[in-house]
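Values in this text are rule-based calculations from the coordinates and carry no lab data. Bear in mind that the values here come from a model prediction, so they are computed numbers and not experimental data. Ideal geometry is used to build each Cβ from the backbone, glycine not excepted, and the neighbour counts take in all protein chains shown.
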């Protein structure tokens, strides 16, 4: 299907998995539920990120996940946080067990926020292993770092196996628009977090609120993304769904958003064939 692989991330289902400080479902979503949802919604790709950590599971579960995804024809991507070489080596092993071709991570993990030099040093320590395994490491832009910092990091490593994971909205926290982030990181992106959003004035008119919405229904410029992103880049839905007052209503809306978003992305893809 013309190189545009679409699917979902575990961050499309944060409420079903569990959000810290809020009520959780009696049976929170695990990877089996997430894989079933991905299949049900016709996802071609599934990214299991740091809100559903795989490193706490035995390797037999990694194998089962890989076999399940392969049986459904779903491409897996796995994800974590931080650039600690040990963590990145663990996730390389997870990627091999699950047959994932991409490991997504963030530059930071909690209080650990490496400088540019330190980030480069850590990546150089693991890059040969990733290259040997033919698995890409995709680092996500985040509001602690400007997009230019991320691009500098990717360019410094100068390898087809170190790419960006481009999040549409995170860098608003740096005062950077989607358009800016896309122009800086788009050409080196392997995975696109298709997280749609609306920006509205506060009722007082003093300031703005940024909120999530289903993919294809908000401000996110899909056409521009399609023009700039590489052909082989995966499009992965994520949601910033506001709390709806109780966990069941919130999770129901979350499932609806996945369904609407997948339909919208499919329609968009088929229209731009």
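In deg cm²/dmol, rounded to 500, what helix-only [θ] at 222 nm does the chain give when every DSSP H run of at least 4 residues adds -39500 (n - 2.57) and the total is split over its residues? Let's see the in-between values first.
On the way: 9 runs with 111 residues, N = 273.
Value at 222 nm, helices only: -12500 deg cm²/dmol.
With both bridge residues required to lie in the chain, what share of the DSSP beta bridges run antiparallel, to the nearest 5%?
Details: 6 of 35 bridges.
The answer is about 15 percent antiparallel.
Going by how many other beta carbons lie within 10 Å of each one, how would you line up 108, 97, 193, fewest first?
Values: 108 16, 97 19, 193 24.
Neighbour counts put them in this order, fewest first: 108, 97, 193.
Calculate the translational D of the chain in whole µm² s⁻¹ from Stokes-Einstein, where the hydrodynamic radius comes from the Kirkwood formula applied to all Cα pairs, the temperature is 20 °C and the viscosity 1.002 mPa s.
On the way: Rh = 18.9 Å.
Once the numbers are plugged in, D ends up at 114 µm²/s.
Multiply the residue separation of residue 232 and residue 208 by 0.36 nm, subtract the distance between their alpha-carbon atoms, and state the gained length in nm to one decimal.
Values: separation 24, 0.36 × 24 = 8.64 nm, distance 3.49 nm.
Net length gain for the segment: 5.1 nm.
Test of understanding: what is the full-extension gain from residue 72 to residue 244, defined as 0.36 nm times their sequence separation minus their Cα-Cα distance? Walk me through the numbers before you get to the answer.
Values: separation 172, 0.36 × 172 = 61.92 nm, distance 3.24 nm.
Taking residue 72 through residue 244 to full extension adds about 58.7 nm, to one decimal.
What share of Cα pairs, in percent, lie more than 21 angstrom apart in the stretch 204-273?
On the way: 897 of 2415 pairs.
Tail of the P(r) past 21 Å holds 37 percent of the pairs.
Rounded to a whole number, what is D in µm²/s for the stretch 66-114 from Stokes-Einstein with the Kirkwood radius over alpha-carbon pairs (37 °C, 0.692 mPa s)?
Values: Rh = 11.5 Å.
It comes out at roughly 286 µm²/s.
For the stretch 79-183, what ratio Rg/Rh do Cα atoms give with a Kirkwood hydrodynamic radius? Walk me through the intermediate numbers first.
Working: Rg = 13.1 Å, Rh = 13.8 Å.
Rg/Rh for the stretch 79-183 comes to 0.95.
Taking the Cβ of each residue in 159, 60 as the centre, tally the other Cβ atoms inside 10 Å and list the residues starting with the fewest. List each step's numbers first, then the result.
Working: 159 16, 60 9.
Result, fewest neighbours first: 60, 159.
Out of every Cα pair in the stretch 158-270, what percent are spaced more than 16 Å from each other? Before the final figure, lay out the partial values.
Working: 3965 of 6328 pairs.
The share of Cα pairs beyond 16 Å in the stretch 158-270 comes to 63 percent.
Provide 72, 22, 130 in ascending order of the number of other Cβ atoms located within 10 Å of each residue's Cβ, fewest first.
Numbers: 72 15, 22 11, 130 21.
Listing 72, 22, 130 from fewest to most nearby Cβ atoms yields 22, 72, 130.
Order 256-264, 50-58 from most to least packed using the mean count of other Cβ atoms within 10 Å. Mind showing how you got there, number by number?
Details: 256-264: 18.9, 50-58: 15.8.
The densest-packed peptide leads the list: 256-264, 50-58.
Could you work out the pair-distance distribution P(r) of the stretch 1-136 from its alpha-carbon pairs, with 10 angstrom bin width and percents rounded to whole numbers?
Taking all Cα pairs of the stretch 1-136, the binned fractions are 12, 40, 34, 14, 1 percent.
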